[in-house]
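Some notes on the structure that comes next.
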Amino acid sequence: RNLKWQMECRSDIYRHNAQFHSIYESLIPPEEEKVKQKQLLTLLEKLVCKEWPEARLYLYGSCANSFGVSKSDIDVCLAIGDADINKSEVLLKLADILQSDNLQNVQALTRARVPIVKLMDPVTGISCDICINNLLAVVNTKLLRDYAGIDVRLRQLAFIVKHWAKSRGVNETYQGTLSSYAYVLMCIHFLQQRKPAILPCLQGMRATYSVTVDDKKCAFFDQVENLRDFGSRNRETIAQLVWGFFNYWAYGHDYTSSVISVRTGSVISKLEKDWTRRVGNDRHLICIEDPFETSHDLGRVVDKFSIKVLREEFERAADIMHYAPNPCVKLFEPY
Ligand code: GTP
Ligand code: MG
């Protein structure tokens, strides 16, 4: 009887794993989307160069960090060497230029936390946000992409987690839940602390890549092709990791005193960061240290209402992974 039960459990695990794999596969953007993104970037480069010949455009965010699912918008950073420029003026000028080239829905949002120009390209159908001189985002995009190159399970886990967060309505920073960037950092942290570890701590290794951005030194090991075997001692499957991830955030994380830190590859204490009380609007109810802007808590958007929502969602997901006969359906049910 016991053996029969064990066999059934095992076949369930295989079945769930296959289902998670196919969800992951279905979220991967097709190659033609990449081609269209390049096409739009080339057009933007041509337009920008006429006005600012020295400027450069970089893709960042999910279109460049390898965590972009199909049909995502693209994030572009316009790097203008001069640090003293007036960003609002540049954005308004840029909006003017783009508007006169038949790009649609062009809007300059000069008062946003990160000021941007938004646009839609009618030829490729892609929407795009352009920000100015946000080079830290370009560097953290590279860090995330490099982590993704070490073990495919990171990309699989992050796709599932992002898909879950969007389905459950907990990927909305303006409503006090977390950004996609925060979720990917949570996945990296989770795989760093897994035993045996599936990911190393790139910022704790000999630096092979180093840049200084806004007076912050950003240095880490980036020869990730040499780390492809790193996680091979850990044989956990994607279904097990999805379960482990939600279990960690539902029942394993110490919300009262811990900060997760991809920079150090471990958890550090709130006390050490002086993140123990509310300062201004930063409540530090879930603490996720930015790998380069270390005074920046990506959980700062979370308030006393949304922390409850988040933790209930983590518990719901963990319980589904534990008990539900069909976790892959139930997990992503719209809220
Ligand atoms: P989706 O658009 O949801 O697929 O994900 P995304 O990876 O584009 O994430 P998001 O829109 O949350 O952020 C875009 C990029 O901006 C991230 O990849 C980061 O590089 C950067 N970013 C977002 N939020 C922050 C933040 O609070 N601090 C810093 N330093 N960078 C951020
Ligand atoms: Mg984005």
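Note on region 288-308: residues that are surrounded by 15 or more Cβ atoms within 10 Å (Cβ to Cβ) and not in a loop (DSSP other than H, G, I, E, B) amount to 5. Within the option set 116, 126, being without any contact (Cβ under 8 Å) to a residue 40 or more places away in the chain and surrounded by 18 or more Cβ atoms within 10 Å (Cβ to Cβ) holds for one residue only, 116. Restricted to region 132-153, and to residues there that are in contact with a Gly (Cβ under 9 Å, 6 or more places away or on another chain) and among the hydrophobic types (A, V, I, L, M, F, W, C), the residue that is nearest to ligand 1 (Cβ to nearest atom) is 137.
The strands (runs of 3 or more DSSP E) found wholly in region 8-123 and carrying at least 2 residues that are within 15 Å of ligand 1 (Cβ to nearest atom) and touching an Asp or Glu at 6+ places or on another chain (Cβ under 9 Å) occupy 56-60, 74-79, 116-120.
Can you confirm whether region 21-35 contains a residue that is open to solvent by less than 60 Å² (accessible area, probe 1.4 Å), over 19 Å from the mean Cα position of the chain (by Cα) and within 15 Å of ligand 2 (Cβ to nearest atom)?
yes
When 144, 135, 178, 157 are checked against the criterion of being open to solvent by 30 Å² or more (accessible area, probe 1.4 Å), in contact (Cβ under 8 Å) with a residue 40 or more places away in the chain and at negative phi, a single residue qualifies: 135. Working only within region 324-335, note down all residues that are in a loop (DSSP other than H, G, I, E, B) and either within 20 Å of residue 245 (Cβ to Cβ) or of a type in the set (S, T, N, Q) (or both). 324, 326, 331, 332, 333, 335, listed by residue number.
Candidates in region 161-175 are the residues that are surrounded by 21 or more Cβ atoms within 10 Å (Cβ to Cβ) and within 10 Å of ligand 1 (Cβ to nearest atom); of these, the one that is farthest from residue 301 (Cα to Cα) is 162. The number of residues in region 105-124 that are more than 16 Å from ligand 2 (Cβ to nearest atom) and among the small types (Gly, Ala, Ser) comes to 1.
Counting only residues that are over 14 Å from residue 240 (Cα atoms) and open to solvent by 20 Å² or more (accessible area, probe 1.4 Å), region 309-323 holds 6 of them.
Picking from residues in region 68-104 that are open to solvent by 80 Å² or more (accessible area, probe 1.4 Å) and within 26 Å of the chain's Cα centre (by Cα), the one that is nearest to ligand 2 (Cβ to nearest atom) is 73.
The values are calculated or read from the model by the stated rules, or taken from the named source; none is laboratory data. All figures in this text were calculated on a predicted structure; none of them were measured in a lab. Neighbour counts run over all protein chains shown; Cβ positions are idealised from the backbone, glycine included. Ligands, DNA and RNA are stripped out before the accessible areas are found, and what is left, the full protein with its side chains, is counted by its heavy atoms. Shrake-Rupley method; radii C 1.70, N 1.55, O 1.52, S 1.80 Å.
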